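Engineer: One structure, as structure tokens, below. Some questions next.
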Amino acid sequence: MAEKIATREAYGSALAEFGHKYNIIVFDADLAEATKTIKFKKEHPDKFFDCGIAESNMLGVAAGAAAAGMIPFVSSFAMFAAGRAFEQIRNSVAYPQLNVKIGATHAGITVGEDGATHQCLEDLALMRTIPGMVVMNPADAVEARAAVEAAILHKGPVYMRFGRAAVPVLFDANNFKFEIGRGVVLAEGSDVTIAATGVMVEQALIARDLLANEGISARVINCCTIKPIDRELLTAAAQETGCVVTAEEHSVIGGFGSAVAEVLCETCPVPVLRVGTEDVFGRSGKVPPLMELYGLTAQNIVDKAKRAVAMKK
Amino acid sequence: MDSVARRELQKTAANVRLGILEEVFNASSGHPGGSLSIADIITYLYFAEMNVRPDEPDWDDRDRFVLSKGHTCPALYAALAEKGFFPKEDLKTFRHIDSYLQGHPDKKHIPGIDMSSGSLGQGISAACGMALAGKLQNKSYRVYTALGDGESQEGQVWEAAMFAAHYKLDNLCAVLDFNGLQIDGAVTEVMNPTPLDDKFRAFGWHVIVIDGHDFDQIEAAYNEAKTVKGQPTLILAKTVKGKGVSYMENKAGWHGKAPNADEYAQGVAELNAYIETL
């Protein structure tokens, strides 16, 4: 059994670590204990600023600090960063192309018991519509750390999506390469491509094994970067496997699956079926039954993969 | 302020007002009313207060200005052009498809613009961020911002007001252009934000109330702000919307409307006549 670490934990650790290497400052909105920016605060108390429960102002303050040459990270729950402060992100951060890094935690249904008001299933859709915004959704702790450093080195606004729940460490920290905009083939396959992001990468790998038992060969691609999306890798996969299933812990409207479909309908129109939450709000509950209830499972990926393969004929 | 300095500022402000009219007339759109009400203050900032370099607009140690009431950028553009940040003849391209002079301030493309703004309530937050950054970097620059009275209805203004006082941003000086009118009418009738002096004091700011068209009072207020330690300063400037163009004065209808050719000619004539008296 692999070690389990929430990506928000890795985010907080990465901020604390990279705070020694790069000149970053961190803002939070009264959620430092939850977003794990508290780890940065403990090591760099002079570079941490609580903004109180005022996310709109926090994004604006970060924009101003970036305009004055700093590299600010801002953190809150995805709902209140991408959601409440959407317009501040669009107009104060992205329009002037300022160097603000948004670390949004508690994204998706894996928020669990807090329920629908806090389960942001729309943030990828909101953020990727903004010109010049880089959008990343790490799958595990190793990728989360790499995404944070890549965000620091990237000049311009970045949105990073992290989860509340502990998830297995999928990647080898000692041998991990990361590049913004690059998807990674985790497993080869020829009958169908499963393109996954975030916590659904683990489910995609499980689905691949289940499909193999049924004689279906599935390629698995991890897309941490949702914008700019890896057009070449996805197009080649569509050409070589002839159908695609996408998987994300987000609404099927406007998110990762939509981004993949947008690419492939232009470059290689093949069947694309999407796994994600349907056009619904979440609800309170434990994480595993919530994932079942909203179809965020390896089995749902398997079912969609079989349908996609059938649609090829 | 000696009479020569005052006369020079009055003359420059009148030229800024001519620039405002030129911009909105040639754009057939824009916001003259609030541009004219803030014109004296912006003139003072760029010609008597702020440490800026027109030939090096991104100079690290410059004082910063954020026009939180971004729709009144005709005043700011005219002042920047007067100061030499870009050619005055470009003012007539304001809002045109091939111009860099966007309908609201655009930091990326306009020399001298320190922050993009226009969505009300957001500029003051950016100014707070710049002031905080100045302190973190041990810079001595000051940060200025201008708010509208209608803008103070935005909740974000008060989030920012809390932040600035909490972090003791005494290098931040905001001015609130209280011309009393917004698009739908008198601010006190649309959604009464007063008393703004008491509100900012309650939020922890040092507050100075002045006549925003009197250069002696403007100078005294900005000088006083520099002596305040441990808290930000708000200058509550009582102004006249449309100031300097008779038919626009105190008329909400001139918030976001361009003059026609006759009206433009009359405004230019009035301002030129005023300059003659100086």
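Engineer: What are the residues in segment B:214-265 that are polar (S, T, N, Q) and either touching a residue at least 24 places away in the same chain (Cβ under 8 Å) or farther than 23 Å from B:Ala48 by Cα (or both), if any?
Structural biologist: B:Gln231, B:Thr233, B:Thr239, B:Ser246, B:Asn250, B:Asn260
Engineer: Do the conditions hold for A:Lys177, that is, is it closer than 22 Å to A:Ala82 by Cβ and either aromatic (Phe, Trp, Tyr) or in a loop (DSSP other than H, G, I, E, B) (or both)?
Structural biologist: no
Engineer: Answer yes or no as to whether B:Thr239 is more than 14 Å from chain A (Cβ to nearest Cβ) and crowded, with 18+ Cβ neighbours inside 10 Å. Before you say what the answer is, go through the steps one by one.
Structural biologist: Values: more than 14 Å from chain A (Cβ to nearest Cβ): yes; crowded, with 18+ Cβ neighbours inside 10 Å: yes.
Spelling it out, B:Thr239 is indeed more than 14 Å from chain A (Cβ to nearest Cβ) and crowded, with 18+ Cβ neighbours inside 10 Å.
Engineer: For segment B:242-278, give me the residue count where each residue is closer than 12 Å to B:Ser37 by Cβ, surrounded by 19 or more Cβ atoms within 10 Å (Cβ to Cβ) and out of contact with any Gly (no Cβ under 6 Å at 6 or more places or on another chain).
Structural biologist: Adding up the residues that qualify gives 2.
Engineer: Looking only at segment A:59-76, count how many residues are more than 8 Å from every other protein chain (Cβ to nearest Cβ), of a type outside the set (Gly, Ala, Ser) and crowded, with 24+ Cβ neighbours inside 10 Å.
Structural biologist: Matching residues across segment A:59-76 total 2.
Engineer: Which residue is farthest from the other protein chains (Cβ to nearest Cβ), if the candidates are limited to segment B:77-90 and must be among the hydrophobic types (A, V, I, L, M, F, W, C) and in contact with a Pro (Cβ under 8 Å, 6 or more places away or on another chain)?
Structural biologist: B:Ala81
Engineer: Right, here's the next one. Tally time: how many residues in segment A:108-128 are more than 20 Å from A:Gly257 (Cβ to Cβ) and out of contact with any helix residue (DSSP H, G or I) (no Cβ under 6 Å at 6 or more places or on another chain)?
Structural biologist: Filtering segment A:108-128 down to residues more than 20 Å from A:Gly257 (Cβ to Cβ) leaves A:111-118.
Among the residues that remain, those that are also out of contact with any helix residue (DSSP H, G or I) (no Cβ under 6 Å at 6 or more places or on another chain) are: A:113-117.
Result for segment A:108-128: 5.
Engineer: Same structure again: If I go through segment B:11-50 residue by residue, how many of them are surrounded by fewer than 20 Cβ atoms within 10 Å (Cβ to Cβ) and either under 17 Å from B:Tyr222 (Cβ atoms) or at pLDDT below 95 (or both)?
Structural biologist: Counting residues in segment B:11-50 that are surrounded by fewer than 20 Cβ atoms within 10 Å (Cβ to Cβ) and either under 17 Å from B:Tyr222 (Cβ atoms) or at pLDDT below 95 (or both) gives 3.
Engineer: Restricting the search to segment B:117-165, which residues are at negative phi and of a type in the set (S, T, N, Q)?
Structural biologist: B:Ser117, B:Ser119, B:Gln122, B:Ser125, B:Gln137, B:Ser140, B:Thr145, B:Ser152, B:Gln153, B:Gln156
Engineer: Being under 28 Å from A:Lys177 (Cβ atoms), under 18 Å from the mean Cα position of the chain (by Cα) and outside the structural domain of A:Ala144 (by TED's automatic domain parsing) narrows it down to one of A:Cys223, A:Cys268, so name that one.
Structural biologist: After ruling out the rest, the residue left standing is A:Cys223.
Engineer: Based on this model, can you work out whether B:Trp205 counts as closer than 25 Å to B:Asp170 by Cβ and of a type in the set (Phe, Trp, Tyr)?
Structural biologist: yes
Engineer: Out of all the residues in segment A:102-133, which are touching a strand residue (DSSP E or B) at 6+ places or on another chain (Cβ under 7 Å), surrounded by fewer than 24 Cβ atoms within 10 Å (Cβ to Cβ) and within 21 Å of A:Leu59 (Cβ to Cβ)? Walk me through it before giving the result.
Structural biologist: We begin by selecting, within segment A:102-133, every residue touching a strand residue (DSSP E or B) at 6+ places or on another chain (Cβ under 7 Å); these are A:102-110, A:118, A:120-125, A:127-128, A:133.
Restricting the remaining residues to those that are surrounded by fewer than 24 Cβ atoms within 10 Å (Cβ to Cβ) gives A:110, A:118, A:122, A:125, A:128, A:133.
Across segment A:102-133, the qualifying residues are A:His118, A:Glu122, A:Ala125, A:Arg128, A:Met133.
Engineer: In segment B:114-226, which helices (runs of 4 or more DSSP H) lie fully inside it and hold 3 or more residues that are within 9 Å of chain A (Cβ to nearest Cβ), closer than 24 Å to B:Leu36 by Cβ and not charged (D, E, K, R)?
Structural biologist: B:123-136
Engineer: Report, ordered by the first and then the second residue, all pairs with beta carbons closer than 7 Å, sequence separation of six or more or different chains, a first member in segment A:219-245 that is on the phi > 0 side of the Ramachandran plot, and a second member that is not in a helix (DSSP H, G or I).
Structural biologist: The qualifying pairs are A:Gly242/A:Val270; A:Gly242/A:Lys312.
Engineer: Do we find a residue being surrounded by fewer than 24 Cβ atoms within 10 Å (Cβ to Cβ), within 12 Å of chain A (Cβ to nearest Cβ), outside any strand (DSSP E or B) and touching a strand residue (DSSP E or B) at 6+ places or on another chain (Cβ under 8 Å) anywhere in segment B:96-105?
Structural biologist: Within segment B:96-105, none of the residues are surrounded by fewer than 24 Cβ atoms within 10 Å (Cβ to Cβ), within 12 Å of chain A (Cβ to nearest Cβ), outside any strand (DSSP E or B) and touching a strand residue (DSSP E or B) at 6+ places or on another chain (Cβ under 8 Å).
Engineer: For segment B:53-76, check the following and say yes or no: at least one residue is among the aliphatic types (A, V, I, L, M) and within 14 Å of chain A (Cβ to nearest Cβ).
Structural biologist: At the first step, the residues of segment B:53-76 found to be among the aliphatic types (A, V, I, L, M) are B:66-67, B:75-76.
After this cut, where a residue has to be within 14 Å of chain A (Cβ to nearest Cβ) as well, the list is B:66-67.
Checking segment B:53-76: at least one residue is among the aliphatic types (A, V, I, L, M) and within 14 Å of chain A (Cβ to nearest Cβ).
Engineer: Quick one: count up the residues across segment B:159-179 that are in contact (Cβ under 8 Å) with a residue 40 or more places away in the chain and buried (at least 19 other Cβ atoms within 10 Å of the Cβ).
Structural biologist: The qualifying residues number 14.
Engineer: Right, next: Pairs please, first residue from segment B:68-88 and among the polar types (S, T, N, Q), second anywhere and surrounded by fewer than 24 Cβ atoms within 10 Å (Cβ to Cβ) and in a helix (DSSP H, G or I), Cβ atoms under 6 Å, 6+ apart in sequence or on different chains.
Structural biologist: Listed by first residue and then by second, the contacts come to nothing, as the list is empty.
Engineer: While we're on this one: Output the residues belonging to segment B:135-149 that are buried (at least 24 other Cβ atoms within 10 Å of the Cβ) and of a type in the set (Gly, Ala, Ser).
Structural biologist: Taking segment B:135-149 first, the residues buried (at least 24 other Cβ atoms within 10 Å of the Cβ) are B:143-149.
Residues satisfying the conditions are B:Ala146, B:Gly148.
Engineer: Does B:Lys107 satisfy being within 24 Å of A:Ile53 (Cα to Cα), among the basic types (Lys, Arg) and modelled with pLDDT of 95 or more?
Structural biologist: no
Engineer: Restricting attention to segment A:35-58, does a residue exist that is away from chain B (no Cβ under 12 Å), acidic (Asp, Glu) and farther than 18 Å from B:Leu132 by Cβ?
Structural biologist: For segment A:35-58, residues away from chain B (no Cβ under 12 Å), acidic (Asp, Glu) and farther than 18 Å from B:Leu132 by Cβ: present.
Engineer: Here's something else I'd like to know. Scan segment A:84-99 for residues that are buried (at least 21 other Cβ atoms within 10 Å of the Cβ) and touching a Gly at 6+ places or on another chain (Cβ under 9 Å) and report the count. Outline the logic, then answer.
Structural biologist: Narrowing segment A:84-99 to residues buried (at least 21 other Cβ atoms within 10 Å of the Cβ): A:85, A:88-89, A:91-96, A:98-99.
Checking the rest, the ones that are also touching a Gly at 6+ places or on another chain (Cβ under 9 Å) come to A:85, A:88, A:91-95, A:98-99.
Residues that pass the stated criteria total 9.
Engineer: Would you pick out the residues in segment B:190-247 that are among the polar types (S, T, N, Q), within 19 Å of the chain's Cα centre (by Cα) and over 29 Å from B:His31 (Cα atoms)?
Structural biologist: Kept after step one, since they are among the polar types (S, T, N, Q), are these residues of segment B:190-247: B:192, B:194, B:217, B:223, B:227, B:231, B:233, B:239, B:246.
This time we only want the ones that are within 19 Å of the chain's Cα centre (by Cα), so: B:217, B:223, B:233, B:239.
Residue satisfying the conditions is B:Asn223 alone.
Engineer: Which one of these does A:Ile130 not meet: (1) closer than 30 Å to B:Lys69 by Cβ; (2) away from every other protein chain (no Cβ under 14 Å); (3) outside any helix (DSSP H, G or I)?
Structural biologist: That leaves (2) as the condition not met.
Engineer: On to the next question. Among the residues of segment A:247-265, write down those that are in a helix (DSSP H, G or I) and crowded, with 16+ Cβ neighbours inside 10 Å.
Structural biologist: A:Phe256, A:Gly257, A:Ser258, A:Ala259, A:Val260, A:Ala261, A:Val263, A:Leu264, listed by residue number.
The values are calculated or read from the model by the stated rules, or taken from the named source; none is laboratory data. As the structure is a computational prediction, the values presented were derived from the model and not from experiment. Because the Cβ atoms are built from the backbone with ideal geometry, glycine has one as well, and the counts that use them run over all protein chains shown.
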